[in-house]
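Report on the structure given below.
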Amino acid sequence: MAVHHVMAMRSIFLITVRVVIFVAAAAAANAAEVKLLSAEVMKPALADLAGVFERSNGHKLMISYDSAGRVKTRIEGGEAADVAIIQKPVVEALSEQGKIARGSAVTLARSGVAVAVPKGAPRPDLSTVDALKRSLLAAKTIAYPDPTRGAASGILFRSVIERLGIAREVNAKAKLMKGTFVEFVAEDEAEIAVTQPMELLAVPSYDVVGWLPDELQDYKNFTWAAAVTANASEPIAAKALVQFLSSPTAAQVLKKRGMEPGQ
């Protein structure tokens, strides 16, 4: 009986090992490399979320960042990608062009343009449009994203200073960011920095003062969405990524990083 018992236990063990190997092989076979093309403003949030997605879904996430304008151009040009993150109105337009899979888009969060100063520095008055105008004129240096790169924040801020009639004065002392705010402060500094809160909060040496006044914001064009591209090579994994990015887990990270989820 003892011999039979040992043999039976050995058989069960071997079967269990085979099942484990089979399950692991099946999981590996179903794993995919998902290519995400994202506006660079999302970099801090995606740095928090990428590992969570990979561990929970078994897929490998490959992310390419660029300005919002260049993401749009790259998708229009048919660049190979599975998922894109860009402004919601742009996603809708690309869907009409057949570049984004219809019905695949989800709204992630709403953002806007804010102002930050180095820690300990005087905080400019942003309470009204006139107060903002005075603060911008009084600042010695102002950093904002280069609008010629297609940076959404830079394009909006350029329109703001033009609307206020102070474009010449501001641009005379402006330092245009050629990449993210994190990259800018690694090499330079400014008395006032203007971009989206997610970028500002990623730099511990600066304090966020607040948002530009509501009447100067463009919340519609600062509502971000994720969608599966029409030419996705991994559409199933791409859909899983989009679903994950619209999950409560992702919403918590987006809120912590300075956006308002699900707007």
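Specify the residue with the greatest mean-square fluctuation among Met198, Met62, Met177, computed from a Gaussian network of the chain linking alpha-carbon atoms under 10 Å apart.
Met62
Where does region 168-263 land on Rg(C-alpha)/(2.2 N^0.38 Å)?
With N residues counted in region 168-263, Rg over 2.2 N^0.38 Å equals 1.36.
Between Ala172 and Ser247, take the C-beta separation as r, use R0 = 45 Å, and let me know the FRET efficiency to the nearest 0.05.
With a Förster radius of 45 Å, E is 0.45.
What nm value, rounded to one decimal, do you get for the distance between Lys140 and Lys255 when each label is placed 7 Å out toward the C-beta?
Calculated label separation equals 4.0 nm.
In the chain, what percentage of the DSSP-assigned beta bridges are antiparallel, given to the nearest 5?
55 percent
Using a 1.4 Å probe over the heavy atoms of the protein chains, calculate the carbon and sulfur portion of the accessible area of region 47-120 as a whole percent. Walk me through the intermediate numbers first.
On the way: 1540 of 3190 Å².
The C+S portion of the solvent-accessible surface of region 47-120 is 48 percent.
Taking the Cα centroid of region 139-204 and of region 55-116, what is the distance between the two, rounded to the nearest whole Å?
23 Å
Which of these values of semi-axes √(5λ) of the Cα gyration tensor in Å was calculated from the structure shown: (i) 30, 24, 18; (ii) 46, 21, 14; (iii) 25, 21, 19?
(ii)
Hey, what angle do you get for helix 235-245 against the long axis of the chain, alpha-carbon based, 0 to 90 degrees rounded to 10?
Taking the Cα atoms of the chain, the angle to 235-245 is about 60 degrees.
Given the Cα-Cα distance of Glu33 and Ala47 and 0.36 nm per residue of separation, how much length would full extension add, in nm?
3.4 nm
Take the chain, connect every pair of alpha-carbon atoms lying under 10 Å apart with a spring to form a Gaussian network, then pick out the residue of Ala84, Ala167, Ala230 with the largest mean-square fluctuation.
Comparing Ala84, Ala167, Ala230 in the GNM, the peak value goes to Ala167.
I need the calculated FRET efficiency for the pair Ala93 and Trp211, taking r as the beta carbon distance and R₀ as 30 Å, to the nearest 0.05.
0.70
Per residue, how much accessible area does the chain have with a 1.4 Å probe, in Å²?
I get 50 Å² per residue for this part.
Go ahead and set up a Gaussian network model of the chain, Cα springs under 10 Å, then flag whichever of Pro235, Pro197, Pro248 fluctuates most.
With Cα springs under 10 Å in the chain, the top fluctuation among Pro235, Pro197, Pro248 is at Pro248.
The values are calculated or read from the model by the stated rules, or taken from the named source; none is laboratory data. Everything numeric here is computed off the predicted structure, so don't read it as measured data. Ideal geometry is used to build each Cβ from the backbone, glycine not excepted, and the neighbour counts take in all protein chains shown. For accessibility, only protein heavy atoms count, side chains too; no ligands or nucleic acids. Shrake-Rupley method; radii C 1.70, N 1.55, O 1.52, S 1.80 Å.
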